[in-house]
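First comes the structure, then the notes that go with it.
Read-outs throughout are calculated quantities, based only on the coordinates presented, and are distinct from any laboratory measurement. Treat the numbers as computed from the prediction; the structure is a model and nothing was measured. No Cβ is skipped: glycine too gets one built from the backbone with ideal geometry, and neighbour counts run over all protein chains shown.
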Amino acid sequence: MNVTIIGAGNMGRGIATRLLSGGHSVTLIDQNEAQAAELAKQLQVSAKSGATVGTAPSGSTLKDEVVVLAVYYPVVAAVVEQYGKQFDGKVVVDITNTLNDTFTEPRFDNTSGAEEIAKLLPNSKVVKAFNTTFAGTLISGQVAGQPLDVLIAGDDSAAKALVADLAQAGGLRPVDVGPLRRARQLEAVGFLHITLQGTLGTNWGSAVKFIS
């Protein structure tokens, strides 16, 4: 299938790499269209099984069933305003970690970024995923020989299953953590993972992994 990724930054690159390696095509959209075009060019080498990567101008029609919001949380409201009802009926993947403006604490206490996005998009199927995985590790798809765990929360079972299938096709291990309100815990894990980079000295190369 084809997936639209809004945001051609580091996380857009990482998620696109996994999708393309799993045989799924990607359309990149970014305000900086030259950056999106350059990233698409670089990602060609990752495409497998006939997958393609291309770009669309900012503000163009969202044609795909799945749209990944690979942008910082404070930008999401502007993206929602720009595309409006085009999100209706789509699976919208929220990857954000909702930190405050100084990146020192979570932005919310009794809600999550994913739940707030769902309020903005009542006719979409919002799924939380990829917020506990770092961009560099997504490019390789593994840490220490172990596939990355992608923790997934959402209220629509079919939407979660679709995101899980996309992750698995890209060599990742999807883990369904429950309803969308579990995004509160996922964002807390994402924040903890970020804060531990200095303590552990892992330079954004670590992963949150469940082993049994």
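Couple of notes before you dig in:
- Potential lengthening between I211 and E81 on full extension [0.36 nm per residue; Cα-Cα distance subtracted]: 42.7 nm
- Virtual paramagnetic centre 7 Å along Cα→Cβ of A144, amide N under 20 Å, in region 186-205: 189-205
- Computed about its Cα centre, the charge dipole of the chain is approximately 440 debye, with only Lys, Arg, Asp and Glu carrying charge at their Cβ.
- Antiparallel DSSP beta bridges within the chain, as percent of all bridges there, nearest 5: 15 percent
- Residue separation of K48 and T104 scaled by 0.36 nm, minus their Cα-Cα distance, works out to 16.2 nm of gained length.
- Theoretical gain in end-to-end length, M1 to T195 [0.36 nm per residue, Cα-Cα removed]: 66.3 nm
- When the alpha carbon coordinates of the chain are projected onto the principal axes, the ranges are 39, 38, 33 Å, largest first.
- Ascending count of other beta-carbon atoms within 10 Å, so fewest first, for M1, M11: M1, M11
- The alpha-carbon of K125 sits under 18 angstrom from the alpha-carbons of these lysines, leaving out residues fewer than 8 places away in its chain: K63, K85, K90, K160.
- Ranking of I5, I211, I152, I139 by neighbouring Cβ atoms within 10 Å, starting from the fewest: I211, I139, I152, I5.
- Among beta bridges from DSSP that stay inside region 1-109, the antiparallel ones total about 5%.
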